[in-house]
Every structure is written in structure tokens, then in C-alpha cells.
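So the structure is just underneath, and the comments pick up after that.
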Amino acid sequence: MTAYLTRRLSRVALVGGAAVAAMMLSACGNGLASGGGEKSSDKGPIVLGMLTPLSGSSSAIGPYMKNGAQLAVDEINGKGGVNGRNLELKVEDEACDAKSATAGANKLVTAGVKISVGGYCSGATLPTLPIFEKADVPMLIPAANSNELVKQHKKNVFLINGTGAQQSDAAFAFMKKVGATKVALMDDNTSYSKDIADTTAKLLTGSPALAGRESVTAGESDYSANVNAILKGQPDFIYWTGYYQEGGLIIRQLRQAGYTGKVMVADGSVDQKLVDIAGAEAAEGVFATMTQTPETIQGADKWIADYKSKFGAAPGPYSTQAYDAVRVAAEAVKQAGSTDGSAVIKALEGIDGFQLFSGPLKFTPDHTLSSGGFQILTVEKGKIVLKDTLQ
């Protein structure tokens, strides 16, 4: 009799457990465990998601962005959070790879993020747009800036960095300023790099003129064939629009081939590793188009000190943009009085004058910065420093 009752009770427990599990699965299917568009509890932390390269050839940038964002989160939480709730940052690796970024975006949506504050490589960021859009998650992109991002016309996408078109305008202005006559363009055929090269090429119709174009394959170690091909056009100015890993090698091989003209790189190459790879001698005098870096921001000494104190290392490229992305996200949630995606998007569109490192914020109808903020940096004695504000 005791054994019979035991079996009966066990069966009841199993059936009851299955019913509870079914109810939980049904709840998940109805959106209770969904991402930005969910209507569940308005208590607990507001989760922000960040995709940034923590592995791969651009992995040096990832910690800068992650730490910059975390610094903003900690400061905001230290002042009481947003609408009485703390912020929480969840980070996934984009690896500058579309497959990795897509997987990371899906993980962030599953984790219930309300706003995305990441995106470094444009080619990796592009495929995440529909993922966040479907989940009703607004995106504040601090680094990726290909015009292809803007051309998607996603209502949830906002760029905190200047666009590729704005970068091309700055590059062209500097080329004219230094008297370049024949400009050659080199890219790595990624969305970001090719976009800047294409846009710049359209500007080189008079003086300076386009002296040639060359696309390389990222990840190789020998670009001598590309270097020799580009030098046939006898350029006096070469603009590399890819990332620092290949950029450093190309600069070194250009100098080894005897090229003595001017070299400039786009913002994806702005990192000390560019100098390390090229070698200090070959990199000396190389220019770069770039939005603000911590070292080029007047009055940023305290911010830099706070960053160093917290993370035990100096901030680098895109740390301030990631910091500002979190601050803008917090401001939008505060103004919206909600984490609902549509309400946050409306608040972002209405922001006017919120102070960023790059200046007062007001988004254009395309959700880009009103002013790109690009300036010219240069390598001087092995360090990347400000050369020209282009003001």
C-alpha cells in the first residue's frame, strides 16, 4: 500500500511539474521574456546592451568602448539611476564579424536589453539592425559610421559618431589644405572602408584628382602587390580607409617601396597599434581623420583621470563616444518616462542641446549628428596627437 501511494504521488508531481513548465513556456511565447518591446515589470535594472570587438584584429578597441560605457553607467547609478532604476551593461563580442555580431545581438535581445549602445565595425553592425528593430530596441551606435547604416532608414538607429560622408568631407578638405594634387585611395572592401573610399573618390574630380584605387584582402601579411599597383599612379597623397592591422602593414610597405609622399588613415586605424605595426619611423607624420579622442578633448583631464583610476589603464579611441552613448540612452529614458522602444525613439528625436564630448546634441532627420566633428590627427614622435581641428 505504501509503495502504491508513493508511485501515485510521484506521478502527480511529474504531471504537475509538466503543467507548470508548459505555462512558463507559454508565458515566454507571449513576450514575458522578450527584449526591448516587452511590457513586463518596470522594476529592476534597465539593461543596456553593447556589441564591441573583444576578439579579432580590432580587439584593442573593445575594452575602450566597454570601459567608457561602464564608467557612464557607474556615474549615473551613483546619482540615483534613471527614474529610480539602476542601469546595467551587458557586453557581447562582435569580433568585427557579421556572424559573431548577429549571435551577440540575439543574446542581448534574449537578455532583455532595452537600448543598444554598441557597434564598432560597420560590416558587423549592419546585420544586427533588423534584429534590434524586430525587438523594438533603439540603437545608439558610438563608432560604426558607414553611410550604409544611414541608408537602411531604420527608425530605431541613431549614430553618435560622424558619418562616412562627413569623414570624406574632412579628408578632402585637408587634402586641399596641404596642396595634394594626386590622391590614391586604398580600402579593404568592407562596408565601412569601401564606403569612405567611394564617397571620397566622388570628391576627387578636379584638384586634387584621383590617381588610382586599390582594394586589399584583410588579414594578409604581404601587401606589396597592392602597394606597387597604387604607386604606378604616382600619387603624392594616399588615403587608407580600413583598419589598423592592415593599415600598419601598408604604411610600412609603402615606405619600404620608397614612397615619400603623405599618408592618411581613416578612423578605423586610429589606435596606437597602427604605429606599433608600421614602426615608429614609417608611421611618423602619418595623418588621420578622426572624431574626438580623450587626448584631443580640451578639459577632459578629470575624465581621463577617473577612467584611469577605475580601470588601471588609459582610455583610447571610442571610449568617450561609448560613454556618451550611455548618457544619451539614460537621458532618453528619463525624458520618455519609460523604457518602451517607441517612447525612447521619440525622446531621442526630440533631444536638443544635450551636451556630449563632441558638442551639443541634436539628431538630423536621418538620425545622424548635425556636425560630424572630424578633425585631423598625426603621428608625432611615435604618438597620435591633434594636428588640425579644421575649424
Residue that is least open to solvent (accessible area, probe 1.4 Å), among those in the stretch 353-391 that are over 20 Å from the mean Cα position of the chain (by Cα) and at positive phi
Gly382
Of all residues in the stretch 353-391 being touching a residue at least 60 places away in the same chain (Cβ under 8 Å) and β-branched (Val, Ile, Thr), the one that is nearest to Met139 (Cα to Cα)
Thr368
Considering each of Asp93, Asp97 in turn, give the residue that is open to solvent by 50 Å² or more (accessible area, probe 1.4 Å) and over 21 Å from Arg327 (Cα atoms).
Asp97
When the residues of the stretch 212-226 are filtered to those that are among the hydrophobic types (A, V, I, L, M, F, W, C) and touching an Asp or Glu at 6+ places or on another chain (Cβ under 8 Å), which remaining residue is most open to solvent (accessible area, probe 1.4 Å)?
Ala218
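Have a look at Thr296, Thr291 and point out the one that is farther than 18 Å from Tyr120 by Cβ, touching a residue at least 60 places away in the same chain (Cβ under 8 Å) and open to solvent by less than 40 Å² (accessible area, probe 1.4 Å). Working first, answer last.
On the way: Thr291 fails: farther than 18 Å from Tyr120 by Cβ.
After ruling out the rest, the residue left standing is Thr296.
Check Val113, Val109 and return the single one that is in a loop (DSSP other than H, G, I, E, B) and in contact with a Gly (Cβ under 6 Å, 6 or more places away or on another chain).
Val113
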Going through the stretch 227-246 one residue at a time, which ones are over 20 Å from Ile277 (Cα atoms) and either open to solvent by 10 Å² or more (accessible area, probe 1.4 Å) or touching a Phe, Trp or Tyr at 6+ places or on another chain (Cβ under 6 Å) (or both)?
Ala229, Leu231, Lys232, Gly233, Gln234, Pro235, Asp236
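Looking only at the stretch 333-352, which residues are open to solvent by 20 Å² or more (accessible area, probe 1.4 Å), out of contact with any Lys or Arg (no Cβ under 6 Å at 6 or more places or on another chain) and not acidic (Asp, Glu)?
If the condition is that a residue be open to solvent by 20 Å² or more (accessible area, probe 1.4 Å), out of contact with any Lys or Arg (no Cβ under 6 Å at 6 or more places or on another chain) and not acidic (Asp, Glu), then Lys334, Gln335, Ala336, Gly337, Ser338, Ser342, Ala343, Lys346, Gly350 are the ones that fit.
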Within the stretch 140-153, identify whether any single residue is over 15 Å from the mean Cα position of the chain (by Cα), under 26 Å from Leu54 (Cβ atoms) and open to solvent by 10 Å² or more (accessible area, probe 1.4 Å), and answer yes or no.
yes
Considering only the stretch 343-391, state which residues are charged (D, E, K, R), in a loop (DSSP other than H, G, I, E, B) and under 21 Å from Ala322 (Cα atoms).
Asp366
Residue identified as assigned to a helix (DSSP H, G or I), out of contact with any Pro (no Cβ under 8 Å at 6 or more places or on another chain) and surrounded by 16 or more Cβ atoms within 10 Å (Cβ to Cβ) among Ala330, Ala322:
Ala330
Quick one: in the stretch 46-85, of everything that is polar (S, T, N, Q) and open to solvent by less than 30 Å² (accessible area, probe 1.4 Å), which residue is nearest to Asp188 (Cα to Cα)?
Ser58
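The values are calculated or read from the model by the stated rules, or taken from the named source; none is laboratory data. Just so it is clear, the model here is predicted, and its values are computed rather than measured. Virtual Cβ from ideal backbone geometry, glycine too; neighbours counted across all protein chains shown. Accessible surface areas use protein heavy atoms only, side chains included; no ligands, DNA or RNA. Shrake-Rupley method; radii C 1.70, N 1.55, O 1.52, S 1.80 Å.
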